[in-house]
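Just below is one structure, and these are the notes that go with it.
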Amino acid sequence: MAERASEPPGDRPPPGAWAPARAAALTLVVRPLERFLRVQTASGIVLMLAAVVALGWANSPWHASYERLWRTPLTLGVGELVLRGDLHFLINDVLMVVFFFVVGLEIRRELHAGELSDPRRAALPAAAALGGMLAPALIYFSLNHAGVAHHGWGVPTATDIAFAVGVLALLGRRVPPALRVLLLALAIIDDIGAIVIIALFYSSGVQVLGLVVAAGGAAGVWLMQRLGLRRAALYVLPGAIIWGGLLASGVHPTIAGVALGLLTPVQAWFGRAGFVAEARAALADFAERAARPDADAHELTGPLERLARARREALAPVVRLESALNPWVAFGIMPLFALANAGVRVGSLELGIPSGATVLAGVALGLFVGKPVGIVLMTWLTVRVGLCSLPRGVDTRGIVVVGMVAGVGFTMALFIAELAFADASHLGIAKLAILLGSLAAGVVGLVAGRRLLPVRPLEGAAASVDEAEQSTEL
């Protein structure tokens, strides 16, 4: 017992736990799952599996249950404030707000201290992203310039960060760090473009009163920040007001997530040094109180709360919230969105309807051809005229690979397709085109990366670190 009492608490099972069962669960489930989640491609794999399940389910003998599930009616509200929808609405218009909130946090962080904070460093990814949005839109519009089909021009303009980064991760040491940073910056700017497209072109007629309500919610966020309120949970109510106001105004309510992300503070209260000082003081206070023989357990909550606040405020809210929500978005919301939206029943598609074939070609070619062509040409042009220069260690071959990988437009493209096409026929064709174009872009990008990018040599201690990391790769 003495030996067991001397063990660190974390090495002992919690009180009441059955040690053999806990050890078996850790060995068989928890630790393998933790190792998988640490792999860079993990979120892309889960997203792909969700899409495969959706496709298989929608084309199985049980396809009616797939369609019926997402039409399950739901009612949200209290008293006379009632919002009625279905499960599909809950995922696309409510849960995806969290996805867009994380996108807003990424943009806010990059604008403050990332690649987008310096106009000179942001020039190249901005130009590449612009070309990567214009070329697919032009390809699509050249094939679909009339009728209801022309609304889908925004579908092939988006890049899926999770899949794109996952493909680059599969290339391992072939990808220089500067190229990975370039893709991330390009994808974030691409997200900004997609958000602007959604707000301007895929929102219904704007109702001013709804915008006033949303502005009131944003003003509430600003006021709470001025009062020094730092707990994230306090901002759920004004965030809900912004969401409701945008929904009533006709602007797509997921933009509320972006607005909240951009309003999130980027400076830490305590910071690293402040956390260390406050933590030491709180631990000393805790030890002093705990050493008293007559100490009551409630007396220990004070220093523990100080320690919790120091931990919470060691990092900027934008960093803390992004880190906390990323796993939920990557492994929960995005796969659920894919499951609800990627289920295309291929046998029921009517390519013979007016503009059906051109919608398929426009979206697929826009992603597979338009993305790399636009990114490569715009990069070449801006470098040629001297507006920007390629990062150190990045050449034309790297730009070509980034352009191909950026053609994976899965999540955001599906989201825009849902907004662009009201009729099920064109929507189903657009979804199939997204899946085909994204799959082709990912596979060809991976093959091209292995052929065009040389394996970079490792130096010194970096070799052992990289080998350890690769041991966890799938």
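The values are calculated or read from the model by the stated rules, or taken from the named source; none is laboratory data. These numbers come from a predicted model, not from an experiment. Neighbour counts are summed over all protein chains in view; Cβ atoms, including those assigned to glycine, are modelled from backbone coordinates with ideal geometry. Remember, those area values only see protein heavy atoms, side chains included, never the ligands or the DNA or RNA. Shrake-Rupley method; radii C 1.70, N 1.55, O 1.52, S 1.80 Å.
Structure above, values below:
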{"read-out": "Degrees separating the helix 410-420 axis from the principal Cα axis of the chain, which is the longest one", "value": "60 degrees"}
{"read-out": "For residue 82, solvent-accessible area (1.4 Å; no DNA, RNA or ligand), Å²", "value": "60 Å²"}
{"read-out": "Rounded to the nearest 20 debye, dipole of the chain from Cβ charges on Lys, Arg, Asp, Glu", "value": "620 debye"}
{"read-out": "Volume in Å³ per residue [convex hull over Cα atoms, computed for the range 340-464]", "value": "158 Å³"}
{"read-out": "Per residue, in Å², the accessible surface of the chain once ligands and nucleic acids are set aside, probe 1.4 Å", "value": "51 Å²"}
{"read-out": "Carbon plus sulfur fraction of accessible area for the chain, probe 1.4 Å, in percent", "value": "67 percent"}
{"read-out": "Heavy-atom accessible area ranking, 1.4 Å probe, most first, across 201, 286, 141", "value": "201, 141, 286"}
{"read-out": "Cα coordinate range in the range 181-291, projected on the principal axes (Å, largest first)", "value": "66, 38, 20"}
{"read-out": "Mean separation of Cα contacts under 8 Å, 6 or more apart, over the residue count of the chain: relative contact order %", "value": "27 percent"}
{"read-out": "Residue 232-residue 281 pseudo-label distance in nm [points 7 Å out on the Cα-to-Cβ vector]", "value": "2.6 nm"}
{"read-out": "Acute angle (nearest 10 degrees) that the helix 371-384 long axis makes with the longest principal axis of the chain, alpha-carbon atoms", "value": "80 degrees"}
{"read-out": "Helix-only mean residue ellipticity at 222 nm for the chain, each DSSP H run of n ≥ 4 adding -39500 (n - 2.57), per residue, nearest 500", "value": "-20500 deg cm²/dmol"}
{"read-out": "Cα-derived Rg over Rh, computed across the range 295-363 with Rh taken as Kirkwood radius", "value": "1.45"}
{"read-out": "Computed over the chain, Cα set: Rg, Dmax in Å", "value": "25.0, 84"}
{"read-out": "Helix 236-249 axis, angle to the chain major axis (alpha carbon atoms, nearest 10°)", "value": "20 degrees"}
{"read-out": "Accessible-area value, residue 107, 1.4 Å probe, nucleic acids and ligands omitted, Å²", "value": "10 Å²"}
{"read-out": "With at most 13 other Cβ atoms within 10 Å, longest stretch of the chain clear of loop trypsin sites (Lys or Arg not before Pro) (DSSP)", "value": "232-391"}
{"read-out": "Per residue Cα convex hull volume in Å³ - calculated over the range 390-451", "value": "81 Å³"}
{"read-out": "Gyration tensor over alpha-carbon atoms, the range 269-312, equivalent ellipsoid semi-axes in Å", "value": "22, 10, 4"}
